[in-house]
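Colleague: Structure in structure tokens, see below.
The values are calculated or read from the model by the stated rules, or taken from the named source; none is laboratory data. In this text, all values refer to a predicted model and were calculated from it rather than measured experimentally. Cβ placement follows ideal geometry from the backbone for every residue including glycine, while neighbour counts extend to all protein chains displayed.
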Amino acid sequence: MTEILHKLSILTSSILLLTATPSKADLFEESLEGDSSSESEKLSNKWNIDSNGFVKPSLFVGKKDGENRAELKSAYAELGLKLRTSIECVSGFADIRLKTRLLGDPSFLGQPTEAATEQYKKGLSAETKLTEAYVSVYLSTLEIRAGKQILVWGRADGLNPTDNLTPIDMRIRSSERDDQRLGNAAIKLTFEQELVRVEGIWLPIFLPSYLPPVTLPKIIVITNPRFPALNLENGLFAGRFHLLLPSFEASISYLKGHAPQTGIALRSFDLLGRPPNITVQLAAYDHHVVGFDFSTALGDLLGFRGEVAYRYPANYEEELSAPNPDLYYVVGVDRAFGEVNVIAQYVGRYVLDWKALDPVFDIDLNELDSMLVDLGNLPPEKVEAMVTTKLISTNRLLHSQTEQVQHGASLRIEWNTLHDTLSLAVFGLTYFTTREWLLNPEVVYKIADGVAFSVGGEIYRGPKDTLFDLLETEYSAGYAELRVGF
């Protein structure tokens with residue numbers, strides 16, 4: 001069970017770790033495009049309609065587990081279309097995606113439904129997804145936006161402690177990390193004047209982050225997840241206050257609601273069966289998050305930014321699936337050296353009420369069946385302690401709380417040359433506490449206006465039984481991608 005729970009937690013925790021690679025969009029603030037209509041268009045008494053899109057075939061190849069050869073990790077073609085319209089004080093935005101994948105790609109749709117089985121056997125499957133669709137109303141200094149939205153918070157480079165609003169789908173492989181973000185039904189109010197901006201957000205529906213499917217042994221039974229019911233009390237509420245000065249920007253934020261990232265909870269276990277059954281389920285947890293972020297310049301030499309969030313999960317002492325309270329912080333500097341841009345950051349986390357686990361109960365639960373046979377009937381309380389300890393250990397890995405104090409650093413270097421037609425970039429992330437590291441190199445060549453070809457890779461390394469060591473086989477891969485915009 002240890003290996004299986006590790007895999008399950010790896011896939012979930014990757015939601016945070018894989019998004020550490022920054023988007024090619026703006027690294028300082030919300031990176032998704034959204035409604036780009038100008039203020040004059042929004043106030044026009046004529047219909048304004050605009051659209052753009054792209055076609056993107058992508059290929060991911062990595063090492064096959066246990067063998068010295070490569071295998072296909074993901075292969076697909078995607079069509080994206082963004083539509084914008086506005087009249088007077090109302091505007092609308094929609095982002096539609098059509099994606100087809102080749103047979104053998106385990107990381108996009110997972111196993112097909114019965115209705116898609118024949119199509120799956122033929123070698124192709126397809127999905128149409130409405131990524132975002134919302135309407136905005138502008139009333140002087142107030143904007144009211146309602147519909148399916150992707151909401152991104154944070155100013156740090158890829159690692160954003162305050163980004164806890166909408167979920168991520170780890171079944172999607174893409175060189176663009178924003179492609180993994182999912183929209184959710186939301187109402188967002190934004191009040192803005194010259195030096196301040198105030199945001200209020202309500203998400204009435206809970207949507208979890210999605211994991212790729214995993215095959216579990218008979219000893220493990222996955223039951224229905226424990227997610228909050230649809231009612232007003234279970235909605236997520238968040239607010240943020242921005243200070244917008246010419247040389248300094250900052251915001252403070254507060255969030256209350258269920259985190260999109262879930263934990264693993266113990267439902268029950270049966271010691272009488274052969275093999276014994278251990279039933280677990282994905283479970284959502286309610287939390288409070290207080291955040292602060294800023295960006296400024298240190299003279300003409302350096303840009304300076306920082307972001308910190310204090311997370312307090314409700315009932316964390318009783319809920320195995322909930323993390324402990326923690327303080328997650330990122331601080332960094334950036335500078336341009338001609339055509340070369342550099343961003344360096346320190347990453348840290350401090351976990352409150354952290355206690356070391358009893359090694360007596362921290363065993364390999366794959367051996368539980370044989371232990372029951374060899375040692376006779378173990379006391380139920382001892383078996384429960386073993387199962388509980390392993391779940392706590394797994395959830396700590398999932399929530400990045402394996403140590404009480406953790407230190408890390410990230411570095412991004414990008415060189416734009418040949419009149420901005422060639423970009424050479426590399427992003428690196430290391431955790432000093434656990435000696436893990438990630439490397440993401442990428443080369444992008446703009447063949448023509450709106451046409452770009454990119455090659456890159458994602459490389460994970462870490463000591464045995466660390467997260468990046470377990471991620472290495474599944475997620476380390478090289479990729480090639482052609483993007484044609486229109």
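Colleague: So which of Gly428, Gly408 is in contact with a Ser or Thr (Cβ under 7 Å, 6 or more places away or on another chain), assigned to a strand (DSSP E or B), farther than 30 Å from Ala283 by Cα and at pLDDT 95 or above?
Modeller: Result: Gly428 is the single residue among Gly428, Gly408 that is in contact with a Ser or Thr (Cβ under 7 Å, 6 or more places away or on another chain), assigned to a strand (DSSP E or B), farther than 30 Å from Ala283 by Cα and at pLDDT 95 or above.
Colleague: So Ser251 ticks every box in (1) touching a Leu at 6+ places or on another chain (Cβ under 9 Å); (2) under 15 Å from Trp202 (Cα atoms); (3) touching a residue at least 40 places away in the same chain (Cβ under 8 Å) but one. Which box is left unticked?
Modeller: For Ser251, the failing item is (2).
Colleague: Of everything in the stretch 341-379, what is farther than 22 Å from Pro313 by Cβ and either of a type in the set (Phe, Trp, Tyr) or modelled with pLDDT of 70 or more (or both)? Give them in sequence order.
Modeller: The answer is Asn341, Val342, Ile343, Ala344, Gln345, Tyr346, Asp358, Pro359, Phe361, Pro379.
Colleague: Taking Thr162 and the conditions (1) more than 25 Å from Gly80 (Cβ to Cβ); (2) surrounded by fewer than 22 Cβ atoms within 10 Å (Cβ to Cβ); (3) hydroxyl-bearing (Ser, Thr, Tyr), which numbered condition does it fall short on, given that it satisfies the others?
Modeller: The one condition Thr162 does not meet is (2).
Colleague: Looking only at the stretch 420-441, filter to residues that are touching a helix residue (DSSP H, G or I) at 6+ places or on another chain (Cβ under 7 Å) and in contact (Cβ under 8 Å) with a residue 40 or more places away in the chain; which one of those is farthest from Leu159 (Cα to Cα)?
Modeller: Checked the stretch 420-441; the qualifying residue farthest from Leu159 (Cα to Cα) is Leu438.
Colleague: Take the residues of the stretch 173-187 that are within 11 Å of the chain's Cα centre (by Cα) and not polar (S, T, N, Q): which is surrounded by the most Cβ atoms within 10 Å (Cβ to Cβ)?
Modeller: The residue in question is Arg181.
Colleague: Can you confirm whether the stretch 265-281 contains a residue that is surrounded by 14 or more Cβ atoms within 10 Å (Cβ to Cβ), modelled with pLDDT of 85 or more, among the small types (Gly, Ala, Ser) and in contact with a Gly (Cβ under 6 Å, 6 or more places away or on another chain)?
Modeller: no
Colleague: Within the stretch 43-67, can you find the residues that are modelled with pLDDT of 80 or more, surrounded by fewer than 15 Cβ atoms within 10 Å (Cβ to Cβ) and more than 27 Å from the chain's Cα centre (by Cα)?
Modeller: Within the stretch 43-67, Lys46, Trp47, Ile49, Asp50, Ser51 qualify.
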